[in-house]
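Visitor: This structure is in structure tokens; I'll ask about it shortly.
The values are calculated or read from the model by the stated rules, or taken from the named source; none is laboratory data. Nothing here was measured: the structure is a model prediction, and the numbers come from that model. Here the Cβ positions follow ideal geometry from the backbone for every residue, glycine too, while neighbour counts run over all protein chains shown. All accessible areas refer to the heavy atoms of the entire protein, side chains included, with ligands and DNA or RNA removed. Shrake-Rupley method; radii C 1.70, N 1.55, O 1.52, S 1.80 Å.
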Amino acid sequence: MAGFWDKIRKAQDSCRPLCTAIVPAAGTSSRMGSENKLFMHLNCVPVLTRTLQAIDKAELVDEIIVATRQELLEEVAQLCAQAGLRKKVKVVLGGATRTESVLAAAMEANPKAQLLAVHDGARPLVLPEDFDHVIRYACNTYAAAPAVPVTDTVKVADETGLVTATPNRSTLFAVQTPQVFQADLLKAALQAAVSEGAAVTDDCAAVERLGKQVYLTQGNRENIKITTPVDIAIAEAILQRRELGR
């Protein structure tokens, strides 16, 4: 029976829209210290290389566009060339903010791409099958993102540290990437956010500003974002466990 459903899924995948993966890689890594986290090594492989290689293995991604800073264009291009990627890869100049960088990359996507999948350059542990899962979900919802339930109790506090609210934890989710959208919808949302100077922390928020619906799907707790030095140690432990599990 499993083989039958695999054939059905492959038939559906063959008819799915063209998808461009966008990787914003123009951040300053301010919380990491003096070193750019994208070029730090995880078990001897740069973080950004691992991210790109995972996306490259996703069956439903057709091309990859990386947006980075002016001074990193050459270094990122060289990293892409050495990563052994099979898919078409383009490195473009990003903007002053993450939103501007994603928009710059989106405008360079294949005009035939109906879906845009935005994935943090600093999420190197994403599994290709999880990437494909979100793309499939976005084919039906037009705006989708992976997420995991929040396990800690969250407090809302004012500038003095005084707690003002305790949200119901059962309604809270930590959102990850890739976040996948219908291409024209994302472009419009990003352009509106940039032109209005809106500060958005992810691409879902930009789409939500337009009053559009965004749907969450099951994420993976191992799909962590490298932000601080401790995240490097956690990521290496996850990679080691994956190696042992083979």
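Visitor: Which of 68, 20, 164 moves most in a GNM of the chain, Cα contacts under 10 Å?
Guide: 164
Visitor: Averaging sequence separations of C-alpha pairs under 8 Å and six or more residues apart, then dividing by the length of the chain, give the relative contact order as a whole percent.
Guide: Values: 436 pairs, mean separation 53.9, N = 246.
It comes to 22 percent, rounded to a whole number.
Visitor: Take every DSSP beta bridge whose two residues both sit in region 89-246, then give the antiparallel share in percent to the nearest 5. Don't skip to the end; give the middle numbers.
Guide: Details: 11 of 15 bridges.
The antiparallel proportion sits near 75 percent.
Visitor: Using the charge dipole of the chain (Lys, Arg: +1 at Cβ; Asp, Glu: -1 at Cβ; taken about the Cα centre), state which of 83, 153, 26 has its Cα farthest towards the positive end.
Guide: Among 83, 153, 26, the one farthest towards the positive end of the dipole of the chain is 83.
Visitor: Next up: Take residue 170 and residue 242, extend 7 Å from each Cα along the Cα→Cβ direction, and tell me the distance between the two endpoints in nm.
Guide: The modelled label-to-label distance comes out at 3.4 nm.
Visitor: Please state the charge dipole magnitude for the chain, taken about the Cα centre, from unit charges on C-beta atoms (+1 on K and R, -1 on D and E), reported in debye and rounded to the nearest 20. List each step's numbers first, then the result.
Guide: Numbers: 27 positive and 28 negative charges, 129 e Å.
I would put it at about 620 debye.
Visitor: Of the trypsin sites (Lys or Arg not before Pro) in region 46-155, which ones lie in a loop per DSSP and count no more than 10 other C-beta atoms within 10 Å? All intermediate terms of the calculation are to be shown ahead of the outcome.
Guide: On the way: sites: 50, 57, 69, 86, 87, 88, 90, 98, 112, 136, 155; in loops: 57, 69, 86, 87, 112, 155.
When the trypsin sites (Lys or Arg not before Pro) of region 46-155 are filtered for loop state and at most 10 Cβ neighbours within 10 Å, 86, 112 remain.
Visitor: If exposed means no more than 11 neighbouring beta carbons inside 10 Å and the site is in a DSSP loop, what's the longest run of the chain without any exposed GluC sites (Glu not before Pro)?
Guide: Numbers: sites that count: 35, 159, 196.
It works out to 36-158.
Visitor: Consider the candidate values [x] 17.1, 51; [y] 19.1, 61; [z] 18.2, 59; state which one is Rg and Dmax of the Cα atoms in Å computed from the structure displayed.
Guide: Step by step, Rg and Dmax of the Cα atoms in Å for this structure corresponds to label [z].
Visitor: Considering Cα pairs under 8 angstrom that are at least six residues apart, work out the relative contact order of region 77-190 and quote it in whole percent. List each step's numbers first, then the result.
Guide: Working: 127 pairs, mean separation 34.6, N = 114.
Relative contact order here is 30 percent.
Visitor: Per the 1.4 Å probe, what fraction of the accessible area of the chain, in percent, lies on carbon and sulfur atoms?
Guide: Values: 6740 of 12930 Å².
Within the chain, the accessible surface is 52 percent carbon and sulfur.
Visitor: Kirkwood hydrodynamic radius, computed over distinct alpha-carbon pairs, for region 165-246: how many Å, to one decimal? Present the calculation step by step, with values, prior to reporting the outcome.
Guide: Details: mean 1/r = 0.0643 Å⁻¹.
Mean inverse Cα-Cα distance, inverted, gives 15.6 Å.
Visitor: When ligands, DNA and RNA are left out and all protein chains stay put, how many square angstrom of accessible area per residue does region 187-246 have with a 1.4 Å probe?
Guide: Details: 3580 Å² over 60 residues.
I get 60 Å² per residue for region 187-246.
Visitor: Next question, about the same structure. Hey, if you put +1 on the Cβ of every Lys and Arg and -1 on every Asp and Glu Cβ in the chain, which of 219, 229, 118 ends up farthest toward the positive end of that dipole?
Guide: Final value for the positive-end residue is 219.
Visitor: Along the Cα→Cβ direction, 7 angstrom out, place labels at residue 217 and residue 78. What is the inter-label distance in nm?
Guide: The answer from the label model is 3.8 nm.
Visitor: Mind listing the long-range amide H neighbours of residue 67? Cut-off is under 5 Å, sequence gap 5 or more, other chains count too, H placed in the peptide plane at 1.01 Å from N.
Guide: Close amide H contacts, sequence-distant or interchain: 23, 25, 92.
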